[in-house]
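Following: one structure in structure tokens, then a few remarks.
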Amino acid sequence: MGTDDQMIKKSKIWAYLQVVGLAFLMIGGIQTILANSGNFIAVVCPEMGFEVSAFTFWITCYAFGMAISQLYVGKLWLVVRTPILLTGSFLVCIAALACMSFYTEIWQWYVSGFIIGLSGGFFFMVSAPIIITNWFAKNSGFALGLVTIISAVGTAILSPVDAAIIAAVGWRTGYLLVALISCVLVLPFTLFVIRYQPSDRGCKPIGWKPGMENITAGAEDSSGTTLKGGVLSLAFVCLFLGAGLCALFGGYQNQWSIAAVSWGYDLSFGATMISATALFGICAPFIGILIDKLGPFKSTFIVLAGQFISGLGLIFLHGNPICVLIFVFFFADQMTIVGTLVPLLTRKVFGARNYTKILAYIQIGIGLIGGFSNPIIAAFYEGSGNFDSALWFGVGLCVACALLFAGVAVFSKRLTFVGPKEGNQAPADQTSADELVEEEAAVARIDLG
């Protein structure tokens, strides 16, 4: 076997280990702490006498913390070694979750939520798109889909396990055991597997060709808009608001247990609804292929159409448990927008030059707007006495998001790229994610040491 063949084989092994490692980071991180928090909400609130909307405000506090963290996340990713950054931020994050075991006052959950946001902001939403686009010169959409499907299957398995732990030992001990499980799942990968770029392992990006020497995201000598030109554009405003409004859908998964009880089901069925939502991740690789074929704009509108239909299905057919599980499965397709399409749209619209910084600023919108998801959804439920009103709100969100993403497509035509392609306008649409990477392949490596 020649040297080139050995390099290709080694690079593939390490690249797909990044995929697995990032998936387990999501399972033990954002999925355990946020997506599966509904298992705790349904138990803690009655025992402690908290209103659901008041208790879930800790997730809003998380969003505030995450929004603040994005002001410096992009810079620290480039100067702090990845194992140190990911392991340190994860441990702080999971410790804040474990501390909930000892709380007696609602404000204490708020403090933990804020700390989770500050630390989780380093890896919850930005780690996968940054690392995957560094390791994959081609098929980055498909690779992100693999991250999602692995994390989704893991979360679907973990949700009923978490619920069973809480039922068996109580929610206080449950917090500690859930945190311990997360550490076992995550730490081996953050310490020994996940690295910022292929050169850290002596590898080349998957799909690398001569002339594509440097593809590391965020390098200053790559093509794209200036930071000021990107952030002050109407395209950025529409993407900021569209991504933020899509993040509001995330609160539904946290409150499926409440919806289940509202519709006459028990808490175990609510946990099954959470699992069904998480299982939507099995579609992620196919959506990744769709993105590579149709581009992120067309794919976004297709996903929103599925969200719209699912919301209406839950409103009118929630009396049938099979229909409920089917529609909550497809209702979860918003996670594809926030986790995959928004990062790819950001790179497409604004280029690679200031990708990490602009993506971090978009995450501020996701945090600030999406952070109100749980209180808003709970307020609709508590105000009307049924969950249908909250779902009608979601149907309206689909329409608003579609209009905003259409605005991104229109206003992106006015942007001008600088760098190696100075003077070129941002492309109006993308036929494949691979072509985008190839067009912006002149990106300098950032040696993290």
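The values are calculated or read from the model by the stated rules, or taken from the named source; none is laboratory data. Because the structure is a prediction, the values reported are computed rather than measured. Every residue, glycine among them, receives a Cβ derived from its backbone with ideal geometry; neighbour counts consider all protein chains shown. We work out accessible area using only protein heavy atoms, side chains counted, and drop any ligands, DNA or RNA first. Shrake-Rupley method; radii C 1.70, N 1.55, O 1.52, S 1.80 Å.
Values for this structure:
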read-out	value
Leu86 vs. criteria open to solvent by less than 10 Å² (accessible area, probe 1.4 Å), hydrophobic (A, V, I, L, M, F, W, C), in contact (Cβ under 8 Å) with a residue 40 or more places away in the chain and assigned to a helix (DSSP H, G or I)	yes
Entirely in the range 266-375, the helices (runs of 4 or more DSSP H) that have 2 or more residues that are touching a residue at least 24 places away in the same chain (Cβ under 8 Å) and among the small types (Gly, Ala, Ser)	267-278, 284-294, 296-317, 355-370
Answer residue from the range 104-129, given it is aliphatic (A, V, I, L, M) and open to solvent by 10 Å² or more (accessible area, probe 1.4 Å) and is farthest from the chain's Cα centre (by Cα) among those	Ile106
Condition broken by Ser257, with the remaining ones in (1) open to solvent by less than 10 Å² (accessible area, probe 1.4 Å); (2) out of contact with any Gly (no Cβ under 7 Å at 6 or more places or on another chain) satisfied	(2)
Unique residue being out of contact with any Asp or Glu (no Cβ under 8 Å at 6 or more places or on another chain), among the aromatic types (Phe, Trp, Tyr), under 22 Å from Ile68 (Cα atoms) and open to solvent by 10 Å² or more (accessible area, probe 1.4 Å) when the list is Tyr355, Tyr361, Tyr381	Tyr361
Ser268 under 19 Å from Ser257 (Cα atoms) and out of contact with any Cys (no Cβ under 7 Å at 6 or more places or on another chain)	yes
Residue in the range 90-103 that is modelled with pLDDT under 95, open to solvent by 10 Å² or more (accessible area, probe 1.4 Å) and closer than 19 Å to Val193 by Cα present	no
Of residues in the range 253-265 being among the hydroxyl-bearing types (Ser, Thr, Tyr) and part of a helix (DSSP H, G or I), the one modelled with the lowest pLDDT	Ser257
Pairs, first at pLDDT 85 or above in the range 64-76, second of a type in the set (Ser, Thr, Tyr), C-beta under 7 Å, six or more apart	Gln70/Tyr361
Residue satisfying condition, being of a type in the set (Ser, Thr, Tyr), over 22 Å from Gly38 (Cα atoms) and buried (at least 22 other Cβ atoms within 10 Å of the Cβ), within set Thr272, Thr300	Thr300
Candidate set: the range 46-82, residues that are within 20 Å of Ala179 (Cβ to Cβ) and in contact with a helix residue (DSSP H, G or I) (Cβ under 7 Å, 6 or more places away or on another chain); chosen: the one surrounded by the most Cβ atoms within 10 Å (Cβ to Cβ)	Tyr62
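Residue by residue, here is whether (1) crowded, with 21+ Cβ neighbours inside 10 Å; (2) of a type in the set (A, V, I, L, M, F, W, C); (3) at pLDDT 95 or above holds:
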{"position": "Ala167", "(1), (2), (3)": "no, yes, no"}
{"position": "Phe192", "(1), (2), (3)": "no, yes, yes"}
{"position": "Arg201", "(1), (2), (3)": "no, no, no"}
{"position": "Pro205", "(1), (2), (3)": "yes, no, no"}
{"position": "Gly211", "(1), (2), (3)": "no, no, no"}
